[in-house]
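> Here it is, the structure, as structure tokens.
Derivation of every value follows stated rules applied to the coordinates shown; laboratory data play no part. Predicted model only: the values in this text are computed from it and were never measured. Using ideal geometry, Cβ is built from the backbone for each residue, glycine included, and neighbour counts are taken over all protein chains shown.
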Amino acid sequence: MRILVTGGAGYIGSHTVLALLNSGYEVVVLDNFSNGSWEALLRVEGLTGKRITLVEGDIGDRGCLDHLFAENAIDSVLHFAGLKAVGDSMADPLTYYVNNLAGTLTLCQAMSCADVHELVFSSSATIYGDGHPMPLHEGLPSGRPASPYGRSKLMVEEVLRDLAGSDNRWRIALLRYFNPVGAHPSGEIGEDPQGAPNNLVPFIAQVAVGRRDELVVYGNDYSTPDGTGVRDYIHVMDLAEGHLRAMVALSERPGVSVWNLGTGRGHSVLEVIAAFERAAKRRIPYRIEARRPGDIAAYWADSAKAQAELGWWARRSLDEMMADTWHWQQGNPCGYQRKLGIATG
Ligand SMILES: NC(=O)c1ccc[n+]([C@@H]2O[C@H](COP(=O)([O-])OP(=O)(O)OC[C@H]3O[C@@H](n4cnc5c(N)ncnc54)[C@H](O)[C@@H]3O)[C@@H](O)[C@H]2O)c1
């Protein structure tokens with residue numbers, strides 16, 4: 001089977017490409033490299049001993065997509081391509097809607113014309129919004145996400161439901177990720193944020209490796225056991241494996257299927273720092289600042305549906321997530337420094 005992975009040069013995409021290749025799938029990556037890395041794909045090829053067909057292009061470029069589908073017999077699409085920085089989306093919402101929403105519409109049009117109707121979409125727990133009792137389960141009504149980024153994810157979910165409702169050939173998975181962290185255990189690929197990291201774990205890792213002086217913890221007065229925010233951190237390799245399970249399940253599931261991909265367990269910021277300190281065997285200096293507007297005190301997944309329907313659950317512990325993050329960051333203190341070429345096709 002040949003799988004198109006949009007955004008395959010990014011963090012979650014590159015780990016999923018590795019899992020796909022190791023499971024015997026052929027992979028075509030489409031990426032515009034706005035936040036991806038050639039080097040990540042080269043390393044995936046090195047780790048797997050398999051070749052990736054790379055198309056450098058944009059999901060919003062219909063001509064590029066039509067050419068890609070004409071040249072490659074694609075069976076299924078894993079759609080990671082998107083912009084993901086919440087703060088940037090508030091400053092520049094149009095760019096986020098054009099990229100994440102309009103880009104997905106163009107992708108779906110091209111898929112339809114190419115008679116490809118299987119799609120796995122990277123959604124987010126952010127679509128639940130605030131105010132639900134924990135844990136968050138797929139049957140809850142979506143809320144109002146706090147940012148244009150989150151709203152772009154919710155809008156795409158709605159579009160994909162309409163699409164599946166209009167044509168029963170579509171088989172679509174909406175995968176609602178919780179907080180992906182960690183790296184491949186080889187330490188060869190991992191998360192490589194450009195500029196200051198938006199997320200906790202890459203920030204801790206950059207402090208640990210000496211790229212930043214200290215971590216800022218936003219708020220220690222939430223109604224959580226230690227006062228800091230609680231999130232459901234999931235190892236990126238568990239997440240990657242969840243995509244393969246979802247894709248296999250889709251062959252028998254017309255319409256839209258929704259699955260949370262989380263561990264079902266929340267950890268506080270201070271617990272994450274302590275786990276990282278154990279992994280790296282060094283102190284992480286941090287200071288407490290006021291809560292950030294829009295941050296929720298605590299959320300975590302109900303992961304029972306994915307377990308029952310996909311036979312999937314997150315197997316890796318918080319300690320493994322931190323150990324693998326540290327292994328990656330220690331071996332690659334500046335991330336993917338080299339930006340090398342890769343065969344295109
Ligand atoms: N990382 C998270 O915390 C998280 C949580 C929930 C959902 N998601 C979603 O999962 C997906 C992957 O996230 P990630 O962390 O790997 O992000 P990432 O930025 O590392 O990867 C996204 C990839 O998509 C590419 N891309 C962006 N816009 C594109 C376009 N228009 N055409 C072609 N390529 C494009 C980028 O170059 C990058 O390689 C995103 O859709 C993101 O919104 C991520």
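> Taking only C-alpha pairs under 8 Å that are 6+ residues apart, what is the relative contact order of the chain in percent?
Reported as a whole number, the value is 21 percent.
> What's the center-to-center distance, using Cα atoms, between the stretch 107-167 and the stretch 39-72 in Å?
24
> Looking at the stretch 6-76, which trypsin sites (Lys or Arg not before Pro) are DSSP coil and have at most 16 other C-beta atoms within 10 Å of their C-beta?
In loop regions of the stretch 6-76 (DSSP not H, G, I, E or B), the sparsely surrounded trypsin sites (Lys or Arg not before Pro) are Arg51.
> Additional query: Of all GluC sites (Glu not before Pro) in the stretch 84-191, which ones are in loop regions per DSSP and have a Cβ with at most 10 other Cβ atoms within 10 Å?
none
> Sticking with this one: So what's the net charge close to Asp319: Lys and Arg +1, Asp and Glu -1, counting the other residues with Cβ under 12 Å from its Cβ?
Combined, the nearby Lys, Arg, Asp and Glu give -2.
> Got the relative contact order for the stretch 228-323 handy, in percent, Cα pairs under 8 Å and 6 or more residues apart?
That works out to 49 percent.
> Looking at the chain, what % of its DSSP beta bridges pair antiparallel, to the nearest 5?
Within the chain, antiparallel bridges account for around 5 percent of the total.
> Here is a follow-up. Starting at the first residue of the stretch 209-222, write each ³J(HN,Hα) from the Karplus equation 6.51 cos²θ - 1.76 cosθ + 1.60 with θ = phi - 60°, in whole Hz, x for Gly and Pro.
Each residue's phi maps through the Karplus curve to give 8, x, 7, 9, 6, 7, 8, 9, 9, 8, x, 10, 10, 6 Hz.
> Okay, next question. Consider a paramagnetic label point 7 Å from the Cα of Val159 along Cα→Cβ; state which residues of the stretch 94-111 have an amide N under 11 Å from it.
Only 97-110 pass the distance filter.
> Now for a separate question. Taking the dipole about the Cα centre of the chain, with the C-beta of Lys and Arg at +1 and of Asp and Glu at -1, give me whichever of Gly7, Met134, Ala205 is farthest to the positive side.
Ala205
> While we're looking at this one, here's another question. Report the charge-dipole magnitude of the stretch 2-331 in Debye, nearest 20, computed about the Cα centre from +1 at each Lys and Arg Cβ and -1 at each Asp and Glu Cβ.
The calculation lands at about 540 debye.
> For the pair Arg212/Lys305, report the inter-label distance in nm, with labels modelled 7 Å from Cα in the Cβ direction.
Here the answer is 3.3 nm between the modelled labels.
> Sort 201-208, 3-10, 267-274 by the packing proxy (mean of other Cβ within 10 Å over each peptide's residues), most packed first.
Most protected by this proxy first, the peptides run 3-10, 201-208, 267-274.
> In the chain, what is the count of Lys pairs whose alpha carbons are under 30 Å apart, counting only pairs at least 8 residues apart or on separate chains?
Step by step, the pairs that qualify in the chain add up to 7.
> DSSP loop GluC sites (Glu not before Pro) in the stretch 211-252 with at most 12 other Cβ atoms within 10 Å of their Cβ, which ones?
For GluC sites (Glu not before Pro) across the stretch 211-252 that sit outside H, G, I, E and B with at most 12 neighbouring Cβ atoms in 10 Å, the list reads Glu214, Glu252.
> Using per-residue counts of other Cβ atoms within 10 Å, averaged over each peptide, order 12-22, 323-333 from highest down.
Peptide ranking by packing, descending: 12-22, 323-333.
> Run the helix sum for the chain: -39,500 (n - 2.57) per DSSP H stretch of 4+ residues, divided by residue count, reported at 222 nm to the nearest 500 deg cm²/dmol.
When only DSSP H runs of four or more count, the value is -11500 deg cm²/dmol.
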